[in-house]
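Nothing in this text is a laboratory measurement; each read-out follows from the coordinates by a stated rule. All figures in this text were calculated on a predicted structure; none of them were measured in a lab. As a convention, Cβ positions derive from the backbone with ideal geometry for all residues, glycine included, and neighbour counts pool all protein chains shown.
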Amino acid sequence: MNLDLLRKKQGFICDMDGVIYHGDHLLPGAQAFVEWLKEENKKFLFLTNSSEKSPRELKEKLDRLGIQVEATHFYTSALATASFLASQRPNGSAYVIGEAGLINALYETGFSMNEVNPDYVVVGESRSYSYEKIERAVRLVRNGAKLIGANPDLTDKLGRDFAPATGALIAPIELASGTKAYFVGKPNPIMMRHGRKLLACEREDTAIVGDRMDTDIIAGIHSDIDTVLVLSGVTSKEDLKHFAYHPRYILSGVGDIPE
Ligand SMILES: [Mg+2]
């Protein structure tokens, strides 16, 4: 494995949870990796499937953990969803079950909120999920609104526990409306392509770094970007035999990347 080729790349698209931090704990080597990105003038983007937080909130989170990067270095499934929907239906409308990160991203692309006859029902992680909202979403989808999930993740890891995430929250709406949702976040390569566009970096000159085979690595492969699996998150070396594809590089953590 020749890390020199990886180190020479100009653009890095990095997942965050399991790569930079675990919940509220910084992972070993993460700080050195981000310092290296900055010192080497690399282009980099932190990509997360979470739709809950805005880039500014993510910046504040990394600040608290001791890593300083501008808010423009973050790209979320909320931003990808908003940009995808705006390209499909400029100035469209949506009924949203989700948090501020998702709602604000939609507003910023020119969408309006509509509880009566929206173009889309958009679902992201939410703590204010209710029977009433499911009921409304089902009615709107049955009346013709398109059903969109910000990401397909079934669970979020909260320390040792698992919390239901977007995929689990949208399932009752899919079942009761008889409609399958379209999911924008990883592993949909849309998210990776948007990220690469933002980086303004050639495909050959970009690498994706992540801890999940079924989202990060497969999205990189579908986008034809070199993939780096770090074993600091959910995937262990033994898990690799269950996948038909493999990453280009396997590292214990991002701390292995700087020289
Ligand atoms: Mg991850």
*Quickly work out the MET1-to-SER112 label distance, labels modelled 7 Å from Cα along the C-beta direction, and quote it in nm with one decimal.*
5.3 nm
*If you take the alpha carbon radius of gyration of segment 78-183 and divide it by 2.2 N^0.38 Å, what ratio comes out, to two decimals?*
1.00
*Would you mind checking which residues have amide H under 5 Å from ASN114's amide H? H placed 1.01 Å from N; only 5 or more apart, or other chain.*
ALA94, TYR95, VAL96
*Can you give the % of DSSP beta bridges in the chain that are antiparallel, to the nearest 5?*
15 percent
*Could you give the spread of the C-alpha atoms of segment 1-76 along their three principal axes, from largest to smallest, in whole angstroms?*
36, 23, 21
*Relative to the longest principal axis of the chain, what angle (0 to 90°, nearest 10) does the C-alpha long axis of helix 131-142 take?*
80 degrees
*GLU259 to ARG160: FRET efficiency via 1/(1 + (r/R0)^6), r the Cβ-Cβ distance, R0 41 Å, to the nearest 0.05?*
0.70
_the chain: angle of helix 77-88 to the longest principal axis, Cα-based, in degrees nearest 10_ = 60 degrees
*Residue-averaged [θ]222 nm for the chain, counting only DSSP H segments that reach four residues, each worth -39500 (n - 2.57)*: -9500 deg cm²/dmol
*asked:* Running a GNM on the chain with Cα contacts under 10 Å, which residue among VAL230, VAL138, VAL209 ends up with the highest mean-square fluctuation?
replied: VAL138
*Over the Cα atoms of segment 1-142, compute the convex hull volume and normalise it per residue, giving Å³.*
141 Å³
*Between the alpha-carbon centers of segment 1-59 and segment 178-209, tell me the distance in whole angstrom.*
16 Å
_I'd like to compare 123-135, 142-154: which one has the highest average count of other Cβ atoms within 10 Å, and what's the full order after that?_
142-154, 123-135
*For the chain, what log10 I(q)/I(0) values come out of the Debye formula at q = 0.11, 0.15 1/Å, with one point per alpha carbon and no solvent?*
-0.59, -1.05
*For segment 86-162, what is the relative contact order in percent, using Cα pairs closer than 8 Å and at least 6 residues apart in sequence?*
30 percent
*Report the extension gain between ASN91 and ASN143 in nm, rounded to one decimal, defined as 0.36 nm multiplied by the number of residues separating them, less their alpha carbon distance.*
16.7 nm
*segment 101-134 versus segment 212-236: alpha-carbon centroid distance in Å*: 29 Å
*By how many degrees, between 0 and 90 and to the nearest 10, does the Cα long axis of helix 30-39 differ from the longest principal axis of the chain?*
80 degrees
